[in-house]
Structure formats: C-alpha cells, structure tokens
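Undergrad: Dumping the structure here so I can ask a few things about it.
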Amino acid sequence: MEILKRNRYWIAMVVLILPALLRGVWFYHGLPSHSKVEQPDYAANVLPQPPVSTPAPENVTLTSGKVVVLDDNHSNQFVPSEVENFISELTKRGARVEVDTGDPSLFTRLRYASAYLIFSPSTYFSAEEVNQLKAFVSQGGRLIVFADPTRGLTSIDYSTGSTYSKPDVDYLNPVLAPYGVAVNKDYLYNLDKHEGNFRNIFFTQFGRHALTDGLSQVVFYGAHSMQTEGGTPLILGDAKTLSSNTDAGGGLVAAALSGNGNVLVFGDFSFLVPPYNTVADNNLLIGRIADFALSGSHTHVIADFPYVFDRTVSVVPTGKLQLGTDILGSLASLQKAIEETDIKLEFNPKPDSSTDRLVLGIISPGEDLAPYLEPFDLGMDDPQSITLPDFGTINRAGIGLLLYQHTATRNTLVLLTDSESDLPSLVSSLAAGDLTSCVVHEDVGACAVGSGGGSYSGSSSFMNFPSLEIPSYTPEFTPSISTPTPLP
Amino acid sequence: MKVGKWEISWDQVRMILLWVALPLIVGVLIAAAIPRPVIGVVYLDMPIDTYSARYILTQLDYARTHASVRAVVLTLDSPGGTVADTETIYQELLALRRVKPVVASVGSMAASGAYYLASGTDYIIANPTSEVGNVGVIGYLPDNPAIFESTVSTGPYKLWGEPRDTYLREMEMIKQGFYQAVKLGRGSRLKVGPEIILTGRIWPGSEALRVGLIDALGSPTDAAAKAAHLANVDHYQAVDLAVPAYAQVLASTNFFYQTKDGITLSYPTKPGLYLLYIPPLPVEK
C-alpha cells in the first residue's frame, strides 16, 4: 500500500493511459504506408497529326482513246464520288471513265476498255465474268482491284444487336485466283507507330517497280494483307505491322502486282478518299496507279469490232475499187457502228500518218494493197485460191477476208473480197456485228459473203468464232495461312 | 474492512478508487474514443457515367475527410464508361491515395475505364476468372458535316463537334493518357509493354496476374486485409461508405441503348468516345 501511496501519480497515469494504449496497439500498428503517386501528364498529350503531303507532279503523260471502266455491278461498297480524286487523275491523263452497272455487259465493256477497276464487291462475279476478265488481262488489259477491310460491311441490327458481315475478300479472291494473288480476310495494324490510329499504317518498304519508284512513305487507312505467288509485292509492312488474323507480322504485303504485270491489287482504298489522299506520298501513288491503268497495251482482235480502233479512221479504197451506191450504203452503217465508240470515220484515199486505217479492196496482188497485206503472209499466186497462215488454202470464190493489224501507232483493218460485188455484203456484216458466216482466228477472218460459195480446205489446228476463248474457271492459287506467333 | 485475508482500511479503499479505479475508468473511456479502424468499401458495379461518378466521388470524398477511414477498397464490377467521368474519378482516387491506401478488388470485371481506375490504386486483387484489362478507347464517329435547312448553326462543327478525322486523333490522345495511367500506376509490376497492353485485350484474372495488370488473386476480404495491412491497422471493420456518406445512385437508365422492345444492348446510346468494354455481338452471316 505504501508503494501505491508513494507512486500514486504514476500509477494513476499508467492506468489512465494503458487502455488507450492497448486499444491503440490492438488496432493501429503504425503510420499508413504511402506510395508515390504520379499522375499522367495529360497536358503533354497532343492530337497526332498526319505527315505532310507530297504534291503530285504537274506534268502527266496524255493518252487518247483510253477507257477505264469502274465496276459498280457487284454491290460494290463505295460510291464513285469517294474516288473522285482518282477518277480525276485518270481524266487528267486523257482517259474516259465509265461506270459498269451491267448494261452493256461486262463482255462488251472489256472489248474496248484499257483498264477495269473493282472496288470492294459484295456479290460474286460469275464464272463467266471471271473468265472474261481473265481473257481481258491476257490481252494486255489492266485489272486494278481494291479491297478494303473498312468496307467489309459489318453492320449492326440495332433492334437485335446482331452484326452482319460481308467481307469483300470473299467476293474478290475468285476473281484474283487466276493471277496468283489472294487477299487475306484480315486487317493490318501497328501499335508501335501509326497515323492516328492503330489500323492506319505507315508503309516505307516498297517493291521495285515503276508504280513505287520514288515513294518514301504512304499511309493506308485500314488495309488487308495479301499473298502473291509469282507476283511482285509492291507495298510491304515493317516488322511491327501485324495481321489481325495472326497477330504476327514482318513483310506483310498490302499491295501487289501479278506475275503477268497486268493485275494490280490493293488491300485498301481509303487512301484514295479525301482527306487521306493528301497524306504523305499517297497522292503520288494515286497518280502512279492512274499511269498504270492507262499504260497497258490491250490488244484487240477482230472479234472486238467495232472496238478495234483508237483514233480517227481513214477509209482507204485500193486498186480499181469504185465506191458505188451499194458499198457507200454499207459503209454508212459501218461509220455509224464505229462512231458509236467515239471514233470518227472519214473518207480519205491519202490519209496522214496519224489516223487508223480501214482498207477496202479486191483480193489481188496490187501495188497499193501490198503494204497492208505484208504482215499477214498471204499466198495469192493461184488465181483460184488464197493461202492463209493457220487456215490453209481457201477457194477465192465468194470469200471475204478480214485482216487486222495493231501497232502502237496505228490500227489497220483490211476488208477484201474476191469481187467488188461481194464487198458491200462483207462491210454490212461487219457493221451489223454479224460475223456468223466467218471463221475468225485472232487477227484474221475468212467469211462466206458471195454466191460463189468459197470452200475451205485447210488443216488449221485452231479456229475460234465468234467470241473470245472462254476457258473453264479453276482457281490456280490457294493462299497458304501463316502460323500465328502467340502473344506472351 | 477485511477482504479475504487482507485487512484494508477505508483510506486505502479510497486511495485505490481515486488513483487506480478512477483513472482506469477514465482511461477506458478515453480508449473507447479511439475509433476502430474502418476500411471503407466503395462499390462500382455499373458503367461509369455522370451519375455513377457522382456516387463514387461522394464516397471518396468521405473517405478522404474522415480519419476513421484508414484505407479504401474500391470494389469494381464495371465495363468502364465515359472518358471524362472516368478521368474525374481517377484523379480523385489519386488525391485519396496521397493520404490513404486504396486497394482495388475486381469482381467479375474491371474493363477499360474500370481498369483505368484500378490502375490508380495501390494494389489490385482479382478473382482468377475476373475479366481485366481492355486498355483503350472506343468511339462512334459523328457524320460528315452537312447542311440542314431546318437546323442552322454558326460554324461547320457547331453541330458535329469536330471533323471525323479529328475524333479519331482525339481517341488516340485519350489512349495515350490511359496508357500513361497504367504505366505510372503499375510501374515495374507491369511485365509487358505497350504492344501487348494496347491491343485492348481483356485477360482473365490469372493471366492478368502473369502480365502484371494485377498484383494478386483473391477475394474482397483479401483486398480489405491488404488495405488494412497497407494502412498498418488491424481488427478493422469494413464499411460500405455509401451508407455514412449518404451516397445515392441516381439511376442512369439511358446509358446503354434500349430497343423499342425494351431490350438493353451492350453499347451506349449516345455517340462519342468511351473507355468502355463492349462484349462481342453475335454475328449473322
């Protein structure tokens, strides 16, 4: 008790503090830990801006008589106004641009077109159309195909929440299969460096070709990748440009040229559309594509008549041919047919060098006819018959010959008959597009036009009339799928 | 007075009462005034919009200004939401973190904007199958500017806000801010780079742990324990802060698009930019 008495103040203080101390220790073990708190520097984040545009050269190569046909017959997912800039580049170069809505037929359009453009279709091309395009390309026509993952038509039904997808790739690949190009059902992206969005890709790697010569950077705004077999990859992604299919990348191709050099395929066409056409070298590339479209040498054959001329046609009578009423009447029909293709037909026995030629004459080894017949190696020594390469020997009586020659500077169509009286009939048949009585092989045709009933005794291995060869459609290229690299 | 074998005088009793019992009673009373530590729990189980943001901000403010709240557990079960509201909550979270630890507990989902918030906490705990991540921005672009005869305006973007292309670039800018938040918040705990994070992937909790988007797998109880540990407290009580803070959710009925049939879809009603995860929609060929 004495202890209590002596230390009462201390004891009181201890028992006063102890409960609080015990409770405090029970609940609290020290000061709360504080981690370093840092905040993003939002003010430093700015809107990314596109690279400055490289202006396209002012001087362009002018062409004449070139027609570019724009496919709008396969529910194509674009409107022509979107690619107005590209169309303008074509017209600036002297081309005429037509929109193919199905009438006249693709076959007819391709007879005179220099290039055929396809943008993101959402219906299939028929096997016949695929083959017509194949024949067109094999004759030197240019086929330019634009796919675009942003036009894959993924729509949302707001009433059900369901989405509908019609990737253009499904409809394009059957068209491209004959040329060893297959567009992948993916899109490219780059999370490391991009133009405002991960799917807007900078491309700085280019295959060597006139199309890409001098390009330093183009930007595609949503692009499919593609695979080529025997073709030329034109625009390639860097190692960090990846495919959405595999999340892997390195050298993925966004544009390619087919092995035959006539089919150009792009995995995007947003780069044609304002304002993206003015980014980096896009405008330059657009000009190059226009040049490519018009630089093909679409060779025509007789079956393409009246689309066998590129410029004003001069009618050249040869020998002692008299232009009577019969032949004038049929020539008037022929003039109408030719002028429907925007080509003028004029009568000029001594034409200048700038015109195409329609030569009329009688089968005979005359001096003025000789220069026109020279390329065809005709045998006319026998007065009763004529020898044609690939045809053999044909009886002259009642025969009409169609001889067509195409060069870079001139197209010449020669119409010959055994007698002057048969010539109007041959001209009329041609004007009417009725060559059902003719055997045509590429640039030479032999027609039964007169009463003489010419007989054919040749041993030609191939004759083909009236249309172009239409081989059966079989895909020649099956794309391989690269193995994805898994993410870590 | 005899107590057992002890002989105690009244003076002695008085002394004990005065110098021991009384101080002890006073000490106990004083001790009782020491509050039991509170781990405040803030629930975000809805998309982030103006209304839910206000609901959360009220609670965060309460936590910051009340000493009894020693730490906060932010329980997330949200697909994210609007950009501005997410950033507002995020910044308030950082302000709170400067004075008190904050732990995120992920329920079924902390996607996009919700993960933005999680990245602003000290520690993230999720279930093995919680959906975590989806770092990025989505948006619905406005139409191209056009002229309407019946709706007039004083400038080309008065009606449209900004050009479509600018919208896209603004989205990129917001994404950069989001990634910076994740990078600063996770620091060296983040085991993958932007090329992975910015794919926008959503990871299950166990995978999110592997890539460093979260710190541990566990339950909300584990999260509260972690918060208590960070606050250096024990024997805490977990309190839903909505109650003491009088926070009330003003129902945001029109955030998600509703069909005429009353079906609520998983994408927002208004066009704009969002820090939001939208689950894949069914595709009909």
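The values are calculated or read from the model by the stated rules, or taken from the named source; none is laboratory data. On a predicted model such as this, the values are computed, not experimentally measured, just so you know. Here the Cβ is made from the backbone with ideal geometry for all residues, glycine too, and neighbour counts use every protein chain on show.
Undergrad: Would you point out the residue of region B:132-146, among those that are within 19 Å of the chain's Cα centre (by Cα) and in a loop (DSSP other than H, G, I, E, B), that is farthest from B:Gln91 (Cα to Cα)?
TA: The selected residue is B:Asn134.
Undergrad: Related question: Within the group B:Ala32, B:Ala95, B:Ala67, B:Ala84, which residue is without any contact (Cβ under 8 Å) to a residue 40 or more places away in the chain, assigned to a loop (DSSP other than H, G, I, E, B) and not β-branched (Val, Ile, Thr)?
TA: Sole residue among the options that is without any contact (Cβ under 8 Å) to a residue 40 or more places away in the chain, assigned to a loop (DSSP other than H, G, I, E, B) and not β-branched (Val, Ile, Thr): B:Ala67.
Undergrad: Filter region A:113-133 down to residues that are surrounded by 23 or more Cβ atoms within 10 Å (Cβ to Cβ) and either out of contact with any Asp or Glu (no Cβ under 6 Å at 6 or more places or on another chain) or part of a loop (DSSP other than H, G, I, E, B) (or both), then give me how many there are. Steps first, please.
TA: So the first thing to find is which residues in region A:113-133 are surrounded by 23 or more Cβ atoms within 10 Å (Cβ to Cβ), and the list is A:113-121, A:132-133.
Add one more test, that the residue is either out of contact with any Asp or Glu (no Cβ under 6 Å at 6 or more places or on another chain) or part of a loop (DSSP other than H, G, I, E, B) (or both), and what stays is A:113-117, A:119-121, A:132-133.
Of the residues in that region, 10 qualify.
Undergrad: In region B:202-211, which residues are crowded, with 17+ Cβ neighbours inside 10 Å and either closer than 16 Å to B:Gly107 by Cβ or more than 9 Å from chain A (Cβ to nearest Cβ) (or both)? Can you show your working first?
TA: Our first condition is that a residue be crowded, with 17+ Cβ neighbours inside 10 Å; within region B:202-211, this holds for B:202-203, B:205, B:208-209, B:211.
Those that are crowded, with 17+ Cβ neighbours inside 10 Å and either closer than 16 Å to B:Gly107 by Cβ or more than 9 Å from chain A (Cβ to nearest Cβ) (or both): B:Ile202, B:Trp203, B:Gly205, B:Ala208, B:Leu209.
Undergrad: Go through the residues of region A:159-166 one by one and say whether even a single one is within 17 Å of the chain's Cα centre (by Cα), among the charged types (D, E, K, R) and either crowded, with 21+ Cβ neighbours inside 10 Å or part of a loop (DSSP other than H, G, I, E, B) (or both).
TA: Looking for residues that are within 17 Å of the chain's Cα centre (by Cα), among the charged types (D, E, K, R) and either crowded, with 21+ Cβ neighbours inside 10 Å or part of a loop (DSSP other than H, G, I, E, B) (or both), one finds none in region A:159-166, hence no.
Undergrad: Between residues in region A:32-58 that are under 21 Å from A:Asn85 (Cβ atoms) and residues that are surrounded by 15 or more Cβ atoms within 10 Å (Cβ to Cβ) and among the acidic types (Asp, Glu), which pairs lie under 7 Å by C-beta distance while being six or more apart or on different chains?
TA: Correct list of pairs: A:Pro50/A:Glu195; A:Thr54/A:Asp281.
Undergrad: Residues that are more than 14 Å from every other protein chain (Cβ to nearest Cβ) and under 30 Å from A:Asn197 (Cα atoms): which strands (runs of 3 or more DSSP E) entirely in region B:213-284 hold 1 or more of them?
TA: On the way: elements: B:237-240, B:256-258, B:264-268, B:273-276.
Of the strands (runs of 3 or more DSSP E) lying wholly inside region B:213-284, those with at least 1 residues that are more than 14 Å from every other protein chain (Cβ to nearest Cβ) and under 30 Å from A:Asn197 (Cα atoms) span B:273-276.
Undergrad: Follow-up question, since we're still on this one. Which pairs turn up if I take residues in region A:365-393 that are surrounded by 13 or more Cβ atoms within 10 Å (Cβ to Cβ) and look for partners that are among the basic types (Lys, Arg) with beta carbon separation below 8 Å, at least 6 apart in sequence or on another chain?
TA: Every condition considered, the pairs that remain are A:Tyr372/A:Arg357; A:Ser385/A:Arg396; A:Ile386/A:Arg396.
Undergrad: Report the residue count in region A:1-49 for those that are among the acidic types (Asp, Glu) and at pLDDT 90 or above.
TA: 2
Undergrad: Of the residues that make up region B:260-280, is at least one in contact with a helix residue (DSSP H, G or I) (Cβ under 6 Å, 6 or more places away or on another chain) and farther than 30 Å from B:Val99 by Cβ?
TA: Yes, region B:260-280 contains a residue that is in contact with a helix residue (DSSP H, G or I) (Cβ under 6 Å, 6 or more places away or on another chain) and farther than 30 Å from B:Val99 by Cβ.
Undergrad: Considering only region A:308-359, how many residues are part of a loop (DSSP other than H, G, I, E, B), surrounded by 21 or more Cβ atoms within 10 Å (Cβ to Cβ), among the hydrophobic types (A, V, I, L, M, F, W, C) and out of contact with any Ser or Thr (no Cβ under 8 Å at 6 or more places or on another chain)?
TA: 1
Undergrad: Which of the following residues is free of Cβ contacts under 8 Å to residues at least 60 places away in the same chain, under 17 Å from A:Val308 (Cβ atoms), touching a helix residue (DSSP H, G or I) at 6+ places or on another chain (Cβ under 7 Å) and not polar (S, T, N, Q): A:Leu106, A:Leu110?
TA: Working: A:Leu106 fails: under 17 Å from A:Val308 (Cβ atoms).
Of the residues listed, the single one that is free of Cβ contacts under 8 Å to residues at least 60 places away in the same chain, under 17 Å from A:Val308 (Cβ atoms), touching a helix residue (DSSP H, G or I) at 6+ places or on another chain (Cβ under 7 Å) and not polar (S, T, N, Q) is A:Leu110.
Undergrad: Restricting to region A:25-63, what's the tally of residues that are surrounded by 11 or more Cβ atoms within 10 Å (Cβ to Cβ) and among the small types (Gly, Ala, Ser)?
TA: Of the residues in region A:25-63, 4 are surrounded by 11 or more Cβ atoms within 10 Å (Cβ to Cβ) and among the small types (Gly, Ala, Ser).
Undergrad: Look through B:Glu172, B:Glu149 and report the one residue that is assigned to a loop (DSSP other than H, G, I, E, B) and either within 10 Å of chain A (Cβ to nearest Cβ) or more than 29 Å from A:Asn190 (Cβ to Cβ) (or both). Walk me through how you get there before you give the answer.
TA: Working: B:Glu172 fails: assigned to a loop (DSSP other than H, G, I, E, B).
Checking each option against the conditions leaves just B:Glu149.
Undergrad: Specify which of the listed residues (A:Ala303, A:Ala337) is among the aliphatic types (A, V, I, L, M), in contact (Cβ under 8 Å) with a residue 24 or more places away in the chain and in contact with a Lys or Arg (Cβ under 9 Å, 6 or more places away or on another chain). Show your work before the answer.
TA: Numbers: A:Ala337 fails: in contact with a Lys or Arg (Cβ under 9 Å, 6 or more places away or on another chain).
It is A:Ala303.
Every residue, every condition in (1) more than 26 Å from B:Arg54 (Cα to Cα); (2) without any contact (Cβ under 8 Å) to a residue 24 or more places away in the chain, yes or no:
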site	(1), (2)
B:Pro101	no, no
B:Ser119	no, no
B:Gly133	no, no
B:Pro145	yes, yes
B:Glu149	yes, yes
B:Ser153	yes, yes
B:Tyr167	yes, no
B:Met173	no, yes
B:Ile196	yes, yes
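Undergrad: Tell me, yes or no, whether region B:69-79 has at least one residue that is farther than 17 Å from B:Leu209 by Cα, in contact with a Leu (Cβ under 9 Å, 6 or more places away or on another chain) and among the acidic types (Asp, Glu).
TA: Yes, some residue in region B:69-79 is farther than 17 Å from B:Leu209 by Cα, in contact with a Leu (Cβ under 9 Å, 6 or more places away or on another chain) and among the acidic types (Asp, Glu).
Undergrad: Out of the residues in region A:273-305 that are among the β-branched types (Val, Ile, Thr) and assigned to a loop (DSSP other than H, G, I, E, B), state the one that is nearest to A:Gln49 (Cα to Cα).
TA: Filtering first and then ranking leaves A:Val279.
Undergrad: Here's another thing I want to ask about it. Give B:Ala225, B:Ala208, B:Ala231 a once-over and let me know the one that is free of Cβ contacts under 8 Å to residues at least 60 places away in the same chain and under 15 Å from B:Tyr123 (Cα atoms).
TA: Working: B:Ala208 fails: free of Cβ contacts under 8 Å to residues at least 60 places away in the same chain; B:Ala231 fails: free of Cβ contacts under 8 Å to residues at least 60 places away in the same chain.
Being free of Cβ contacts under 8 Å to residues at least 60 places away in the same chain and under 15 Å from B:Tyr123 (Cα atoms) holds for just one of B:Ala225, B:Ala208, B:Ala231, which is B:Ala225.
Undergrad: Still on this structure: Given the criteria buried (at least 23 other Cβ atoms within 10 Å of the Cβ), in the same structural domain as A:Ser120 (by TED's automatic domain parsing) and either within 20 Å of the chain's Cα centre (by Cα) or not in a strand (DSSP E or B) (or both), does A:Ala255 qualify?
TA: yes
Undergrad: For A:Ala135, all conditions in the list (1) within 21 Å of A:Thr299 (Cα to Cα); (2) within 14 Å of chain B (Cβ to nearest Cβ); (3) aliphatic (A, V, I, L, M) hold save one; what is the number of the exception?
TA: Condition (2) is where A:Ala135 drops out.
Undergrad: Please verify whether B:Arg186 is out of contact with any Phe, Trp or Tyr (no Cβ under 8 Å at 6 or more places or on another chain), surrounded by 12 or more Cβ atoms within 10 Å (Cβ to Cβ) and either facing chain A (nearest Cβ under 10 Å) or on the phi > 0 side of the Ramachandran plot (or both), treating the condition exactly as stated.
TA: no
Undergrad: Out of region A:13-65, which residues are more than 8 Å from every other protein chain (Cβ to nearest Cβ), farther than 30 Å from A:Ser295 by Cα and of a type in the set (D, E, K, R)?
TA: Within region A:13-65, just A:Lys36 meets the criteria.
Undergrad: Another question, if that's okay. Here's a check for you: in region A:370-401, which residue that is part of a loop (DSSP other than H, G, I, E, B) and touching an Asp or Glu at 6+ places or on another chain (Cβ under 9 Å) is nearest to A:Thr436 (Cα to Cα)?
TA: A:Gly398
Undergrad: Given the options B:Thr129, B:Thr199, B:Thr121, name the one that is in a loop (DSSP other than H, G, I, E, B), within 22 Å of the chain's Cα centre (by Cα) and within 14 Å of chain A (Cβ to nearest Cβ).
TA: B:Thr121
Undergrad: Do the conditions hold for B:Thr121, that is, is it among the hydroxyl-bearing types (Ser, Thr, Tyr) and over 17 Å from B:Gly212 (Cβ atoms)?
TA: Judged against the criteria, B:Thr121 is not a match.
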